[in-house]
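Every number here is computed from the coordinates shown, using simple stated rules; none is lab data. Keep in mind the model is a prediction, meaning the values are calculated, not measured. Quick reminder, even Gly has a Cβ in these numbers, built from the backbone with ideal geometry, and neighbours come from all protein chains shown.
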């Protein structure tokens with residue numbers, strides 16, 4: 001009898017944590033930590049595409065991040081705009097589809113316009129979907145999904161799942177958090193019900209495509225029972 005093929009991840013999500021600590025360790029401004037974090041995003045997205053992932057979801061800006069100092073929020077928005085402007089051509093040509101989860105329309109009009117143009121430009125791509133969580137909170141997402149499901153009929157796990165921001169993505173297989181923190185921080189709570197979890201001490205700016213590859217290889221050794229035996 002031949003040995004079964006290892007289960008491979010289709011959808012990976014990452015809580016990108018540790019930009020500030022990376023900068024602090026080097027006596028640098030937090031803004032530089034965020035800048036290096038964007039460089040890590042660039043490398044990991046390329047790696048995800050090369051490894052054949054169907055979907056990569058990145059936690060970029062949470063509903064709680066508005067509590068940060070105004071200057072830091074402004075720096076994050078500027079970095080996001082520069083990232084879209086500098087990398088959109090490459091992603092579009094590589095077949096990457098951009099998707100946003102969360103309420104990105106709460107951002108300033110210039111950010112909203114840029115995001116919507118990027119979504120429209122990559123909408124027809126059939127390669128890796130890059131889902132970016134912007135102004136995202138999982139509890140808010142579940143509440144919105146339940147409200148929409150209730151308006152259509154009886155509420156069940158299936159009807160709620162169909163209304164989630166990620167409804168058009170494959171089920172979440174693996175959730176990674178960098179920087180040594182061991183919590184979900186209101187990220188993909190519903191989707192993570194049976195996802196595998198991996199926590200690493202690597203700070204996000206130091207996270208590479210090789211770290212992602214190692215995580216995917218480790219995933220193939222996990223035995224997923226979904227509550228059974």
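To the nearest 0.05, what FRET efficiency results for residue 81 and residue 123 with a Förster distance of 25 Å applied to their C-beta separation? Mind dumping the intermediate values first?
Numbers: r = 20 Å, r/R0 = 0.79.
Once the sixth-power term is evaluated, E becomes 0.80.
Here the Gaussian network model covers the chain, with springs between Cα atoms less than 10 Å apart; of 59, 104, 136, 104 fluctuates the most. This ranking places 30, 144, 224 by how few other beta-carbon atoms lie within 10 Å of each, fewest first, which gives 224, 144, 30. In the elastic network of the chain, a GNM with C-alpha springs shorter than 10 Å, the most mobile of 76, 58, 172 is 76.
Please label the shape of the range 16-91 as rounded, prolate or oblate, based on the square roots a ≥ b ≥ c of the eigenvalues of the alpha-carbon gyration tensor (a/c under 1.5 means rounded; beyond that, a/b larger than b/c means prolate, else oblate). The shape class here is prolate. Pair-distance distribution of the chain: all C-alpha pairs, bin width 5 Å, starting at 0; shares per bin in whole percent are 1, 6, 13, 18, 20, 18, 12, 7, 3, 1, 0, 0, 0. Taking a ≥ b ≥ c as the square roots of the Cα gyration tensor eigenvalues, with a/c under 1.5 meaning rounded and otherwise prolate when a/b beats b/c, else oblate, which class fits the range 113-189? It comes out oblate by the Cα gyration axes.
Given the DSSP H assignment, sum -39500 (n - 2.57) over each helix run of at least 4 residues in the chain and divide by its residue total; what's the result at 222 nm in deg cm²/dmol, nearest 500? Before the final figure, lay out each step's value.
Numbers: 7 runs with 97 residues, N = 229.
Helix-only estimate at 222 nm: -13500 deg cm²/dmol.
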